[in-house]
Every structure is written in structure tokens, then in C-alpha cells.
Amino acid sequence: MPKAASAGRKQPAAAKSGAGLADKLARIGVARDEELILHLPLRYEDHTRTTPLAQLRAGETAQAEGVVRNTDIQYRPRRQLVSLLAGDDGGQLVLRFFSFYPNQQKALATGHRVRVFGEVRDGHFGLEIVHPQFKVVEEGAPLDERLTPVYPTTAGLGQDALRKVIARALAADPARTAEVLPEDFTHRRHLWKFGDAVRFLHAPPPRLSGLTQKALDARTHPAWTRLKFDELLAQQLSLKAHRKARAARRAPVLTGTGALTSLLLKRVGFKLTRAQERVWREISHDLKRATPMQRLLQGDVGSGKTVIAALAALQAIESGRQVAFMAPTEILAEQHYRKLASWLDGVGVEIVWLSGSLPAKARRAGTEKLASGAAKFAVGTHALFQEGVELPQLGLAIVDEQHRFGVAQRLALRGKGLAEAHQLMMSATPIPRTLAMTFYADLDVSVLDEMPPGRTPVGTRLVNQKRRGEIVQWVGKLAADGRQVYWVCPLIEESEKLELQTAVALHAELTSAYEGKVTVGLLHGRMKPDDKAKTMAAFVRGEIAVLVATTVIEVGVDVPNASVMVIEHAERFGLAQLHQLRGRVGRGAAESTCVLLFEEPLTDTAKQRLKVIYENSDGFEIARQDLLIRGPGEFLGARQSGEALLRFADLERDVALIEQARDAADELLQKDPAAAARHLDRWLGGRQEFIKA
Ligand code: ADP
Ligand code: MG
């Protein structure tokens, strides 16, 4: 809920203008007048001058004026309203409408003087504007004095209505545009006044110099800089507030006894790498503290994060607490479950498995054990944090591939009594620097920068789809030699069903191509968990030579003997996916190969991606390149949640501003906490949670 306005303030313009408008404004994220003021234009139209008709040029957007010669409905090639204007200078202009209302036709009656605005193009009968904005005017009617803002909006909320309500909000209450930051604070940073900046952006003066206009369009104009700075400052202030709140919270002290962790280290069958030892020390130390850990463990695919998670879990269990270990997909969660179960077999630590597809009875049995505290270790998908699951002694929550959870899911997690638990997040993707300074700034980070020994680098081959037949043969020969192969089906984002069909067809194709001499298995997301597990187990045992799979195998699946991966239509996959997929092989001693089949023509982006994956094996480097191609928004999962986290500042282009805002936040909190609070209220109001997500 928005904060109530202080006594004596005017009612919000939105509320005054009726419930319908308020609803529509809510849809564009505007709940208070303060937010109307921060609803800034996408671009501008210049209605401050008219171009004589004879001087109009195709391709330019312009305002012009003329007298209607005649207006007709024409029917060929399709129904349309066509109006011919004559200019005072003898020029002509055609107006064309493919849909129109009777009153528009009436307004364009012969003899009427109209002012039109739109993009001019070459038509059959000379220059024309399709669907121009227009109004009937008197000769010499005054022109606008300011550029006309075009706002982001939603269906049913017209520009005119939006302009009116925003202009009203701007004029209504000077407090809303008043400066809330200390004078010397903004002055030293050469920042425009807040009021000047918003007034400028909502209604810039006409005839700006080319340079100024460009800066305005590119959002580098000082008025924009002030708004972006403010937005980033609010975000930094809110982050620091959260950090402080976290430091004040109490978490259980998980000292451990070392009994289980040392047992695990004996059982895994390998020695920790130096990097693993270091991050394990960091995490173990955090768990012993009474403030909740919020640590991100970063490590490339295959760097050995799972064993670290297991160690952390056991330290919590040694301390008598419960642990929840969550993965983003069922297959990955299940893989963790199996691995942990085999590591802990006979140790006396029961693991409860929870996923969305678990039968009700098994689920109940599991949740009861957790609720009573009889079982300490829960592994599963986000089903772990759904209703009906109680973890009364929760001491540690582990989230694998955390960036794959959307913002909304992460928010839901926050609500689930995690506040008092330690949190370990794991990711194979490095956080881009700007994100580390902003959305992830209150995390501590551990990095696994060393691979376990004995890995052989994966050779990558790019193969044109035309030569697919050769690959089929080659794989057949490898399989006959006892090698194991993943064959990944093309990604079909629009349709899971189609993806499934493709997988089934590919399975049939390969089965018949190898004439029963090679066992071909099939794994896809729609299979029953039991069948999936059986297939995986058969593959692990080597009973399946070629495993046809949809991208369900993308994350985390670990079968050391599989040394070849074929990816169909590699051009459709994202870089992170390709890297993850390729990471499934090269885990054993055998020389490994990843074949990327691609079909031409390739888009520029697809070409770039294939080049990056071909030339790089370091996951951090690939992720960096990926971010260059895509931008950090994807990393945040902002797309899934449909919520833009930063409206004005750009995480790539505004790095310097982010740094400035970070320092400024410290200074403001120290010198003028009241101003910091005012600033937060203006910018975040009721939405603080989202910025932090
Ligand atoms: P990721 O970081 O991608 O989650 P995993 O935890 O799945 O990596 O580890 C990949 C593989 O490497 C697993 O088979 C795991 O048992 C093995 N592994 C982990 N640490 C070591 C190590 N220090 N020495 C040898 N193998 C290791
Ligand atoms: Mg993993």
C-alpha cells in the first residue's frame, strides 16, 4: 500500500479521476501521484511548429496544416478513408485511414482546416500520412510551446488522458517536485535539481540543439542523469537498509561436531581441491556465526559445488538443525538426492525427497517426518517451500543454480521463514560487475576457481546440418566401442509438446538407423519421475549407449562415462545452456567431444554465440561474453517476473553512475539519514521489496 499522504495534501490525481483510470494507472505501475511524476516519456513529438506542405519530405515525422479538398471512402484495394489536403503554399498531402469513425470522416469535411501529425511517406498520389493524428483548427491557431511527451502506457489508457493526469500531478503540489536531497550533496555532484529535471523531461522546450536532442533521446541529458542517479541511489539505500536489517537478525549457531563432515570426506572418494577447501572454510565459518549467512558460491560447471553443499548441510545437521536443499528442476534435484543418498548411505542421516510430482501419500510421509523433526535433510524442487511443508528446525537453506529461479520465486522464498536461517546459493554463472554492485550487493561471494583434477578438455566441433548423416554413423561406431553419448534434441521454446514429439521422432530415427545394434534411450520432461530415474540409472550403468534427451539434462546431470554430446540445432540455444550441456561430458578420463549441429541461415546473434562457445571453455568467460550479447536483464530473471527492476538506469551503460550512487548512499546515510528516508519514500514507496529481489 502506498503511504498515506500527509495531512493537508491534495487527493491523488489518480483517485480523483475515477476508478477506471486508477486501475489503468495501476497497470502501468502508478499508484501514487509521486509515481505519476516519475512516469517519464519514452520520446517526444514536436507540435511546436508546422512544416509547409510543399516542404514535406518522405521519411520525416512532421506536423503540417492544410485545408481539406475532399474526403472519400474508397474500396480498392480495401476499404479506406482518403482525404486530400491543400496547403497555403500550393503543396498537397494525402491522409489515409484504414479504420476510422464516422466523426473522423465528418471532421475531415471539405473546407475544414486541419492540423496533422505523423510520418510522411511516398504514396500513389504523392506524399501521404497513414493514420495521422489530426485536429480541426482555425487559421492561425496557436502552436504548442513545449515538446509533447509520449509515455509508456497500456491498452485503454490514451496518451491524452495520461498527459493530462501527469501534468495535473506536476502542477498540483510543489512538495512532490521539491528537492529532498541536501543542497551541497547534489551541487557537488553537478546534479540538476529534481524539480527542474522532471519538469524538463515531461515537457522539454522546442528547438533544442542537435546535441541536446540527441542526449535527450539517448537518456544521457543531465535531466535524465539526475533521475537515473536518484533511482540508483534509492536502490543502494534500500540495499544497505536490508544489509543492516540482516546484521541485526539472529540465526542459529551451527558449530557442528565434524563427525559427519569428516565421514563424508572419507566417503566421496576424492580429495577436495584447494579452492574447495578454501570455500568450505569460508562457509563453515559463516555457519558458526549468529548472523544469517547469505553467501553465493560461484563455480563453473563441474567445479564441484555439490560436495560443498553436502558438507554445509552436514555441519547444520551435526548441530541438530534441519537443511533444505533446493534445485530449479526436478531432474537436477533428483540427481542431488541420489548423489547425497549414496554418499550418506548407512551414515544414519535420512534424506526426505520432495517434488511437485510426488504422490500425495509419499509426500505426506515426508512432510510429517520434517514437521516432527525426525528427518533433518530435505532435498527437492521449489515444492520444498510450498504450502504444507514445515521445517521447524530449519538452520540452512541451499539453493542450487539460484539465478534460474525467477524474481517472483525468490520473493516467495524470502517470505518462507528463511529470515532466521543461513542461506547458501550456488551458481555456475558469474554475476556481472554491475549486478554485483546492485541487486546482489548484500551477498558474500565464494568462488571455486579451480577444476577437480583429471578432467580432459572437451573438443568442440561445429557441424553443418547437411552433414548430420556422418555424425549419425560416427556416433554408431563410438557406441559400438563402448562409449556413451548424449544426443540433445532441438529446443522448441514455443511448444513443449512439439519438443516432445521431436524427441520421440529422433529416438525412433536413431533406433532404426542402428538397427538394434546400439541401445538408444529416451529422456524427456514429461516422463514419470520413476521412468526418468530408471532411464538415468540405466545410462549410468552403461546399459544405454545413446541417450536421446530434451534439455531436461541441461543442468547438473553427472555421468562420468559419457564422453560425447551431440546437440541438434545448436543455433537455437543460449550460451549458458550450451556451456551447461557441454559440461555434461568431459567428466571422466576419456577424451570428450561436443558436436554442435547447426542449420543455416544463422542470425547474427546465433553466429556470435556459436563462435563464443567454439572458442572458449571457461564458463566465466562465456558468461561474460553472453552478457555482452544479451545484457544483464536476463540474469536477473526480470523477464519472467514481468517487472522491470530499474526503470531508467541501464546496468550496462550507467556503470559510472552506479558507482557514484553507491558512494553517495554511504555519505547520505551518515550525514543526513532523514534525507535518505525522504528519498526512499519518493522512489520506492510501497515497493521496496521488489527492488531488493
Ligand atoms: P558442479 O559445480 O557443476 O555442481 P559437481 O558438484 O556436480 O559440479 O561435480 C562434478 C563432478 O566432479 C562430480 O562427479 C563430483 O563428484 C566430482 N568432484 C567434485 N569435487 C572433486 C574433487 N575434488 N576431485 C575429483 N572429483 C571431484
Ligand atoms: Mg551442480
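Give me the base-10 log of I(q)/I(0) for the chain at each q in 0.09, 0.10, 0.11 Å⁻¹, Debye formula, one uniform scatterer per Cα, rounded to two decimals.
Calculated log10 I(q)/I(0) at the listed q: -0.96, -1.08, -1.18.
Give me a comma-separated list of calculated 3J(HN,Hα) values for region 188-198, in order, Karplus coefficients 6.51, -1.76, 1.60 applied at θ = phi - 60°, integers in Hz, x for any Gly or Pro.
Per-residue couplings from phi come out as 4, 8, 6, 8, 5, 5, 4, x, 4, 5, 5 Hz.
Return the Cα extents of region 212-331 along principal axes one, two and three, sorted largest first, each rounded to a whole Å.
Reported extents, whole Å, longest axis first: 68, 35, 31.
When the helices in the chain are scored as -39500 (n - 2.57) per DSSP H run of 4 or longer and the sum is shared across all residues, what 222 nm value do you end up with, to the nearest 500 deg cm²/dmol? Please list the in-between numbers first.
Numbers: 27 runs with 283 residues, N = 693.
Rounded to the nearest 500, it is -12000 deg cm²/dmol.
Using alpha carbon centroids, what distance separates region 471-522 and region 60-115, in Å?
Result: 62 Å between the Cα centres.
Mind listing the long-range amide H neighbours of His422? Cut-off is under 5 Å, sequence gap 5 or more, other chains count too, H placed in the peptide plane at 1.01 Å from N.
HN-HN under 5 Å from His422: Met293, Leu396, Ala397.
Before I look further, what does the chain give for accessible area per residue, probe 1.4 Å, in whole square angstrom?
On the way: 31870 Å² over 693 residues.
Spelled out: the 1.4 Å probe surface of the chain, per residue, equals 46 Å².
What is the set of long-range amide H partners of Gly256 at a cut-off below 5 Å, with H atoms built 1.01 Å from backbone N?
HN-HN under 5 Å from Gly256: Ser319.
Can you spot the aspartates and glutamates whose alpha carbon is less than 15 Å from Lys271's alpha carbon? Ignore those fewer than 8 places along the same chain.
Lys271 reaches Glu450.
Have a look at the DSSP beta bridges in the chain and tell me what percent are antiparallel, nearest 5.
On the way: 31 of 85 bridges.
Beta bridges within the chain, antiparallel portion: roughly 35 percent.
Pop out the carbon and sulfur fraction of the accessible area of the chain as a percent, whole number, probe 1.4 Å.
On the way: 16510 of 31870 Å².
Roughly 52 percent, rounded to a whole number.
Which Rg and Dmax, in Å, describe the Cα atoms of region 129-286?
28.3, 92
Given a 1.4 Å probe and the protein chains all in place, what does the accessible area of Tyr614 round to, in Å² to the nearest 10?
For Tyr614, solvent-accessible area is about 120 Å².
Once both axes come from the Cα atoms, what is the angle between helix 330-343 and the longest principal axis of the chain, in degrees from 0 to 90, rounded to 10?
30 degrees
Can you give the log10 of the normalised intensity I(q)/I(0) at q = 0.18 Å⁻¹, computed with Debye over equal Cα scatterers of region 537-619?
-0.76
Assign unit charges at the C-beta atoms only (+1 for Lys and Arg, -1 for Asp and Glu), then state the dipole size of the chain relative to its Cα centre in Debye, rounded to the nearest 20. Let's see the in-between values first.
Details: 95 positive and 81 negative charges, 239 e Å.
Charge dipole of the chain: 1140 debye, to the nearest 20.
Order these peptides, 439-448, 566-575, 57-66, by their mean beta-carbon neighbour count within 10 angstrom, highest first.
So the peptides 439-448, 566-575, 57-66, ranked by packing, come out 566-575, 439-448, 57-66.
Taking a 1.4 Å probe, which of His187, His679 shows the most accessible area, and what order do the others take after it?
Details: His187 130, His679 0 Å².
Largest accessible area first, the list is His187, His679.
The values are calculated or read from the model by the stated rules, or taken from the named source; none is laboratory data. Just so you know, these numbers come straight off a predicted model, no measurement behind them. So basically every Cβ, Gly included, is an ideal-geometry build from the backbone, and we count neighbours across all protein chains shown. With ligands, DNA and RNA removed, areas are computed over all heavy atoms of the protein, side chains included. Shrake-Rupley method; radii C 1.70, N 1.55, O 1.52, S 1.80 Å.
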